[in-house]
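> Could you have a look at this structure, given as structure tokens, before my questions?
None of the figures in this text is laboratory data; all of them are computed from the coordinates on show. Fair warning: this is a prediction, and the values are worked out from it, not measured in the lab. Glycine also receives a Cβ, built like all others from the backbone with ideal geometry; neighbour counts cover every protein chain displayed.
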Amino acid sequence: MPCFADKKRVVIKVGSSSLAYPETGSLNIRKSRALVEVLADLKNSGKEIVFVTSGAQAVGAAKGGFVEKPRDMPSKQACAAIGQSELMKFYSECFEQYNHKVAQLLLTRDVISNSERRTNVINTFNKLFELSVIPIINANDVVSIKQLDFDENDTLSAIVATLCDADLLVMLTDVDGLYDGDPSDKDSKLIAEVDCINSDIIALAKGAGSSLGSGGMLTKIEAAKIATEAGIDTVIIGNKDPKLLYELFESDNARGTYFKAIKD
Ligand code: GLU
């Protein structure tokens, strides 16, 4: 894939399985700290970072004393409320160590359809960039009416990328990117570049998702479609080591799948 050194405004989306222990749902402090360190450093290098994070429900369920992730809406929403403040406390303290300020934005889907809300969100983003604050986004699960409005954060990250006029959307996940077969099958190959998200690509993306998160490869491809159609280059990379993010901006051989923006 190309080197993205010239991309300035970058949306980085991380799912629950990148942040929390699958066995307990509690925050994986080592992984989350390592991620914050890289994001803080990318910001120091001159990038504008927008961080889309899941994990509120997983972390909240663990903290709230649930043995497993609950399925009923009131419990899910309570977990999101418990976990969101826990996540923000952690992020705020971690980024502060590197002298960076953060802001929390909790969004619902109507930021797209309601033009007044949309304008308010865009204005907030612009002001935060002006103030050099890192926006940290999650879905506002507590007020969501439908089955958790954005029941995964992949779509949310693509919408955020369009709202803040991002240059690049990066989604971190359990696998290295989109494979031409089952990723656990050693004969399957990673697809390095996708020019057009057609039905063949969608058919490849039938990943099941992880035990903690709600998304899978399919929701990531759908998100990539939204972003690329809005002219935003999109990348899916593995979440094993957040330092892989550096490779996107410093080399032309980062491992992952690059979805080329559609420019008109
Ligand atoms: N907004 C949800 C959370 O923070 C997203 C869940 C997910 O993507 O799995 O828990």
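> Roughly what percent of Cα-Cα pairs across region 41-200 reach past 24 Å?
Of all Cα-Cα distances in region 41-200, 45 percent exceed 24 Å.
> I need the calculated FRET efficiency for the pair residue 195 and residue 96, taking r as the beta carbon distance and R₀ as 30 Å, to the nearest 0.05.
Computed FRET efficiency for residue 195 and residue 96 comes out at 0.10.
> Taking only complete DSSP H runs, can you tell me which helices of the chain stretch 20 Å or more along their own long axis by Cα positions and average at least -0.5 on the Kyte-Doolittle scale?
Span-like helices in the chain: 29-44, 73-97.
> Could you name the lysines in cross-link range of residue 7, using Cα to Cα under 24 Å and dropping any fewer than eight places away on the same chain?
43, 47, 101, 127, 220, 225, 240, 243, 260, 263
> OK, next. What's the FRET efficiency of residue 188 with residue 116 using the Cβ-Cβ distance as r and R₀ = 35 Å, to the nearest 0.05?
Working from the Cβ atoms, E equals 0.15.
> All other residues with a Cβ under 9 Å from the Cβ of residue 236 taken together, and with Lys, Arg as +1 and Asp, Glu as -1, what is their net charge?
0
> Defining a contact as two alpha carbons under 8 Å apart and six or more residues distant in sequence, what relative contact order in percent does the chain show?
Relative contact order of the chain: 25 percent.
> Only Cα pairs within less than 10 Å get springs; with that Gaussian network setup on the chain, which residue of 221, 12, 122 has the largest fluctuation?
For the chain, modelled as a Gaussian network with Cα springs under 10 Å, the answer is 122.
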